[in-house]
Each structure stands twice: as structure tokens, then as C-alpha cells.
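See below for the structure under consideration.
The values are calculated or read from the model by the stated rules, or taken from the named source; none is laboratory data. On a predicted model such as this, the values are computed, not experimentally measured, just so you know. Cβ: placed from backbone, ideal geometry, glycine included. Neighbour counts: every protein chain shown.
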Amino acid sequence: MTHFTILEYPDPRLRTVAKNVEKVTPEITTLSEQMLETMYAAPGIGLAATQIDRHIRLLVVDVSEDYSQPYCLINPEIVSKDGEIVHEEGCLSVPEIFAKVTRANHIVVKALDKQGEPFELEAEGLLAVCVQHEMDHLKGVMFVDYLTSLKRRMIEKRLAKNRKLPPTAPSARSAL
């Protein structure tokens, strides 16, 4: 099992815009599987390649309770969205911090799967939120960017303080 180190905010590498995957190779397939292992171990429900310092348009998500519905999206693109949902988001790159973010409640995404086959994913609720959150990472955007500058400064101070404290038990599984 390979587990990657997850970059943490405010690491500037999290701001890198990812490039399209030109060809889905066995290495890309393996990377997606290792990303799922890393995400499950964290524990989280989504992980973008940017978060592990790989700047390609690849993300994995699994919002099921028992880790039974993993999705790999390569070169994802939202083709339609509607509705609105306010959801409290967390992020593996911003440990133990949660904030309400408004996103589309229903989306349709086209992407390639880990074998390079095109597919469309229709997502609603938490799955839609998670996919949008991870797609933001591929653009160098983080959920904290949706917050006021005052809230971002408070988060930065809290993270700096937390990094000086001894490690604690992992936070709730709902981190994206």
C-alpha cells in the first residue's frame, strides 16, 4: 500500500493549476488506486492529485459509508449544474477546519475513468459537493477561498497553532 503525503494549506503547491492527462496509462491507473488508498487512510471522501503534489487533472471520491462506491475522474468537466446547497466542508489539506460553502446541488460531469473510458456522472447532494470541491483543487482553488479574508486569517492562525501541538486522533471522515 502506498500512501502519499497530503499537502497542507497554505502550501503554495496547492495553488498550482493542474494539466490535462494526455493519455491514461497504467501509471495513471495505479496512481488513482494509490490515491484512493491514501484518501481512505486519511480518512476522507475526496482527494485531488494536486493535494499530493501531482499536478494533473485527476481526482478520486467515495462518499459511501462503507467505501464501496469509489469514482476516479480524469480530466473532469462539469457539463451542467443546477440548484444550490450550503454544506459544511472540510478538507484533508486543511485539517480539522470546517466551514459552510454554497455549491450547485446537482451536477453532471463528463470525465475519463481509470481505464481511459469516457463516462458521465450525475451527482447530487454530498457527491456533487465533493466533486466540485475536488475539481476546485485542480484549478488551484480551495474551499477557504470562498470565505471572508477575516475567516481565512483565523484559519491560518488556528492551523499554525495546531501544528505546534502534539498530534491527535484523526478527525471525522467527512473531510473532502
*What number of residues within region 58-82 are in contact (Cβ under 8 Å) with a residue 24 or more places away in the chain and either over 16 Å from residue 48 (Cβ atoms) or touching a His at 6+ places or on another chain (Cβ under 6 Å) (or both)?*
5
*In region 38-53, what count of residues is obtained for those that are free of Cβ contacts under 8 Å to residues at least 60 places away in the same chain and buried (at least 16 other Cβ atoms within 10 Å of the Cβ)?*
4
_Matching entry among 93, 68 (being under 14 Å from the mean Cα position of the chain (by Cα) and of a type in the set (S, T, N, Q))_ = 93
*Does region 43-66 include one or more residues that are touching a Pro at 6+ places or on another chain (Cβ under 9 Å) and within 23 Å of residue 162 (Cβ to Cβ)?*
yes
*In region 115-130, which residues are under 26 Å from residue 89 (Cα atoms) and either within 17 Å of the chain's Cα centre (by Cα) or assigned to a loop (DSSP other than H, G, I, E, B) (or both)?*
121, 123, 124, 125, 126, 127, 128, 129, 130
*Might you let me know whether region 17-28 holds any residue that is at pLDDT below 95, crowded, with 16+ Cβ neighbours inside 10 Å and out of contact with any helix residue (DSSP H, G or I) (no Cβ under 6 Å at 6 or more places or on another chain)?*
no
*Of the numbered conditions (1) basic (Lys, Arg); (2) more than 15 Å from the chain's Cα centre (by Cα); (3) within 22 Å of residue 19 (Cβ to Cβ), residue 139 fails exactly one; give the number of that condition.*
(2)
*asked:* Suppose we keep only residues that are among the aliphatic types (A, V, I, L, M) and not in a helix (DSSP H, G or I) within region 142-167. Which one would you say is farthest from the chain's Cα centre (by Cα)?
replied: 165
